[in-house]
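Trainee: Sharing a structure here in structure tokens format.
The values are calculated or read from the model by the stated rules, or taken from the named source; none is laboratory data. Predicted model only: the values in this text are computed from it and were never measured. Here Cβ is always computed from backbone atoms with ideal geometry, including for glycine, and neighbour counts include all displayed protein chains. Note: accessible area is taken over every heavy atom of the protein model, side chains too, but ligands, DNA and RNA are not part of it. Shrake-Rupley method; radii C 1.70, N 1.55, O 1.52, S 1.80 Å.
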Amino acid sequence: MPKIAEIEQTPNPNAMKFILREPLTWGVTRSYDKPEQAVGDPLAMALFDIEHVTNVFYVDHWVTVTQDGGADWQELMRDLAVPIREAPSADANSDKLAEQSSETMDPEKLSPGDRERLDKINAILDEQIRPYLQNDGGDLYVMGLEGNKLTVHYQGACGSCPSSLSGTLAGIENLVRQIEPDMEVVAV
């Protein structure tokens, strides 16, 4: 049962990031935009059972919860802390989590040339984008690469943050265009 070390605000005023003393997962990202997606994930289901919760995102030592803007954060954080503290740690849950993969695309379905392109794109995202998004309680993953169109999905606090959907997306596109000048980046 993880203990909460800190609670941080994110750039999204409707999202809070809970930093834990022990991990919930070992690098496996869990991201849910609605309760129906969380079926089979006891932590996410318990968080969605709390009124006003609209998004749950967690990986390793942190959980980001987004609300609809209708709740007082002080009150809501007390309610959210209960299922977070009761969740099994990654050690207790590792076998189950190992079976579940992160929600990324299958690079094996790409041509060797597209796999190489995707590797370069992911390397630049890993180095220059994801650490900042993760620091703010979110992340992003690549959903698809077709021709000159890269499809990405924001997770956690970034999923509904206005700056993710405008400024960050433009920044990602500018970075990717350093290696692929005609690339279009689309967030879904």
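Trainee: Quick check on my filter: what residues within segment 154-188 are of a type outside the set (D, E, K, R), more than 20 Å from D68 (Cβ to Cβ) and in a strand (DSSP E or B)? Even if it seems obvious, please write down each step before you answer.
Mentor: Kept after step one, since they are of a type outside the set (D, E, K, R), are these residues of segment 154-188: 154-172, 174-176, 178-179, 181, 183, 185-188.
Still in the list and also more than 20 Å from D68 (Cβ to Cβ): 166-172, 174-176, 178-179, 181, 183, 185-188.
Listed by number, the residues that qualify are V185, V186, A187.
Trainee: Can you name every residue in segment 112-135 that is closer than 24 Å to E8 by Cα and open to solvent by 50 Å² or more (accessible area, probe 1.4 Å)? Full working, then the answer.
Mentor: Step one: filter segment 112-135 for residues closer than 24 Å to E8 by Cα, giving 125-135.
Once the filter is applied, which keeps residues that are closer than 24 Å to E8 by Cα and open to solvent by 50 Å² or more (accessible area, probe 1.4 Å), segment 112-135 yields D126, E127, Q128, P131, Y132, Q134, N135.
Trainee: Here are V59, V65: which of them is under 15 Å from G156 (Cβ atoms) and at pLDDT below 95?
Mentor: Matching residue, one of V59, V65: V59.
Trainee: Only residues that are of a type in the set (A, V, I, L, M) and open to solvent by less than 10 Å² (accessible area, probe 1.4 Å): list them for segment 146-184, please. Give the steps one after another, and end with the answer.
Mentor: Step one: list which residues in segment 146-184 are of a type in the set (A, V, I, L, M), which gives 150, 152, 157, 165, 169-170, 172, 175-176, 179, 183.
Correct list: L150, V152, A157, I172, V176, M183.
Trainee: Check E99, E51, E116, E86 and return the single one that is closer than 30 Å to E184 by Cα and either modelled with pLDDT of 95 or more or among the acidic types (D, E) (or both).
Mentor: On the way: E99 fails: closer than 30 Å to E184 by Cα; E51 fails: closer than 30 Å to E184 by Cα; E86 fails: closer than 30 Å to E184 by Cα.
Sole residue among the options that is closer than 30 Å to E184 by Cα and either modelled with pLDDT of 95 or more or among the acidic types (D, E) (or both): E116.
Trainee: Search segment 13-27 for residues being touching a Ser or Thr at 6+ places or on another chain (Cβ under 6 Å) and under 25 Å from M143 (Cβ atoms), and hand back the single one that is surrounded by the most Cβ atoms within 10 Å (Cβ to Cβ).
Mentor: Start the filter on segment 13-27 by keeping residues that are touching a Ser or Thr at 6+ places or on another chain (Cβ under 6 Å), which leaves 14-15, 17, 22.
With under 25 Å from M143 (Cβ atoms) added as a condition, the list becomes 14-15, 17.
On the way: N14: 19, A15: 25, K17: 23.
The selected residue is A15.
Trainee: Here is a follow-up. Before we move on, is D119 free of Cβ contacts under 8 Å to residues at least 24 places away in the same chain, among the acidic types (D, E) and in contact with a helix residue (DSSP H, G or I) (Cβ under 9 Å, 6 or more places away or on another chain)? Walk me through how you get there before you give the answer.
Mentor: Details: free of Cβ contacts under 8 Å to residues at least 24 places away in the same chain: yes; among the acidic types (D, E): yes; in contact with a helix residue (DSSP H, G or I) (Cβ under 9 Å, 6 or more places away or on another chain): yes.
Yes.
Trainee: Within segment 48-60, can one find any residue that is polar (S, T, N, Q) and within 22 Å of E8 (Cβ to Cβ)? Show your work before the answer.
Mentor: Here is the first cut: in segment 48-60, the residues polar (S, T, N, Q) are 54-55.
After this cut, where a residue has to be within 22 Å of E8 (Cβ to Cβ) as well, the list is 54-55.
Among the residues of segment 48-60, at least one is polar (S, T, N, Q) and within 22 Å of E8 (Cβ to Cβ), which makes the answer yes.
Trainee: Here's a check for you: in segment 41-79, which residue that is surrounded by 17 or more Cβ atoms within 10 Å (Cβ to Cβ) and aromatic (F, W, Y) is farthest from L24 (Cα to Cα)?
Mentor: Selected residue: F48.
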